[in-house]
Amino acid sequence: MNNLQKAIVVVDEIYDFLKGGSLECGHSLEAVASTREFIEKHPGLPVLFVCDHHPSDHCSFAAQGGPWPPHCVAGTRGSQIHDDLLPFVQEELVFYKGCNPELEQYSGFDGRNGADQSLGEVLQLLGAELVYVTGIATEYCVKNTAEDLLKAGFKVTLLEDCLGWVDSEGHKQTIPLLKEEGIKVIS
Ligand code: VGL
Ligand code: ZN
């Protein structure tokens, strides 16, 4: 395991999912702090950021019949990555998802960077074999991103302390499910 090429994927650690945001999630600021700590302890690993990034009339918003309040609207503060993580952000390693008003995209795997490359494509170019996944929300974007990474052939390790959730029960139910599927979970 130790000689595998590794990368870190940070999912949706953006203001609307954090304390005070429109879709505030549990354990969110703790997740940001722990993610930062993990990144700092692993200098040299590429850090890829997935960002929910919606138009103001996105289909997942209540006004369009979706389940969520408006969140992560392009151009707003709520769509920005937390300031504490900005030192680690490289523009070409930021992947936006949910940009099409008609499509819900919970998986970071659907995200694309400014050069229209997908997350999986860039991880492959980086030679990544093992991907550490952190972020928000466990039951939605983290779950879907981790599962898609596994399906694409990457080894996946979820960092439990670095997760935030919509619902704590949902979080607790998702962790064993992901373990069963072959995802490693460490704290
Ligand atoms: C997410 C709800 C709506 C997530 C995104 O990142 O888990 N959840 N959009
Ligand atoms: Zn969303």
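Descriptive notes on the structure:
- Among the GluC sites (Glu not before Pro) found in segment 79-185, those both in a DSSP coil and sparsely packed, with 11 or fewer other Cβ atoms within 10 Å of their Cβ, are Glu102.
- Segment 159-166 - phi-based ³J(HN,Hα) in whole Hz, Karplus 6.51/-1.76/1.60, Gly and Pro as x: 9, 4, 5, 9, 10, x, 9, 6
- Prolate/oblate/rounded label for segment 6-186 (Cα gyration tensor, a/c 1.5): rounded
- Mean residue ellipticity, 222 nm, helices only, the chain: the sum of -39500 (n - 2.57) across DSSP H runs of n ≥ 4, divided by residue count and rounded to 500, is -7000 deg cm²/dmol.
- Each Cα pair under 8 Å and six or more residues apart adds its sequence gap; the mean of these over the residue count of segment 48-187 is a relative contact order of 19 percent.
- Kyte-Doolittle mean at least -1.0 and Cα axial length at least 15 Å: DSSP H helices in the chain: 28-41
Taken together, the values in this text are just the output of simple stated rules run on the coordinates, not laboratory data. All values derive from a computational prediction rather than experimental measurement. Because the Cβ atoms are built from the backbone with ideal geometry, glycine has one as well, and the counts that use them run over all protein chains shown.
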